[in-house]
Amino acid sequence: MPHTPSLSSSRNQSDVSESAVKLQRLVMGRSTDDPEKKIPNRRLKDVEICVPISYGTISFWLGRKASESQSHKWTVFVRGATNEDLGVVIRRAVFQLHPSFNNPMRVLDSPPFELSESGWGEFEIAITLYFHSDVCDKQLDLFHHLKLYPEDESGPQSTKKPVVVESYNEIVFPDPLDSFFARVKDHPAVIVPRLPASFNLPAPGRTACAVLQTFAYIIP
């Protein structure tokens, strides 16, 4: 898979064209325990695990020698807010591209959760995230509009100036299972609260998670 420049470093460069950075906080509702499922670990009451993520696209104009139908190369991605690997929380990412692409539904079962393509047109990309079984069992649907051209189209395009559009979200998991907490408590991509020193956590593992209700709201 082609390498994607780190956007955390690209934002500090003057040769990057950014567009409409959005901030959302997505709260995953507490799961309902299923008496039919044997869950060997505990649920941590009044505890929240927060996973900041960034998702979006970075595109490059390929220059005047490129064909009209392949004028841009672009990458769509989902990763930690400062470029961390999210495989500790996400087990699968599905990217739904425009139907004109070969195999428009792209499934990635391991990080990095990103893919690269080339083309000429802008369109909406649907992104579906699936979490590990001890995180939750309901998918999270995101949508992102691929942008190839800068907001200021008065000047000439440049092959050295990418167009970057990304959104920053915080995915919040309230009352997590303690196996999930134990696995991510020292991970750089995850924000976890400090528990009392006397609290004993199990070794990291995976367990079943019951049906989850999801809602979302936006922080201005």
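The values are calculated or read from the model by the stated rules, or taken from the named source; none is laboratory data. Because the structure is a prediction, the values reported are computed rather than measured. Note that each Cβ is placed from the backbone with ideal geometry, even for glycine, and that neighbours are counted across all protein chains shown. What goes into the accessible areas is simple: the full protein's heavy atoms, side chains included, and nothing from ligands, DNA or RNA. Shrake-Rupley method; radii C 1.70, N 1.55, O 1.52, S 1.80 Å.
Things worth noting here:
- Kirkwood-based shape ratio for region 44-94, expressed as Rg/Rh from alpha carbons: 1.24
- Long-range HN-HN contacts of Ser71 with modeled amide H, under 5 Å: Gly119, Trp120
- Alpha-carbon centroids, region 137-172 and region 95-111: separation in whole Å: 17
- Each peptide among 128-136, 99-107, 114-122 gets the average number of other Cβ atoms lying within 10 Å of its residues, and from highest to lowest they stand as 128-136, 114-122, 99-107.
- Accessible surface of region 102-154, 1.4 Å probe, proportion on carbon and sulfur as whole %: 48
- Highest to lowest packing among 62-73, 178-189, scored as the average C-beta count within 10 Å: 178-189, 62-73
- The base-10 log of I(q)/I(0) for region 72-176, evaluated at q = 0.14 Å⁻¹, reads -0.62 [Debye formula, identical scatterers on Cα atoms, solvent excluded].
- Only Lys, Arg (+1) and Asp, Glu (-1) charged, at Cβ; region 45-142 dipole about Cα centre in debye: 360
- In region 34-177, lysine pairs with alpha-carbon atoms under 18 angstrom apart (chain gap of 8 or more, or interchain): 9
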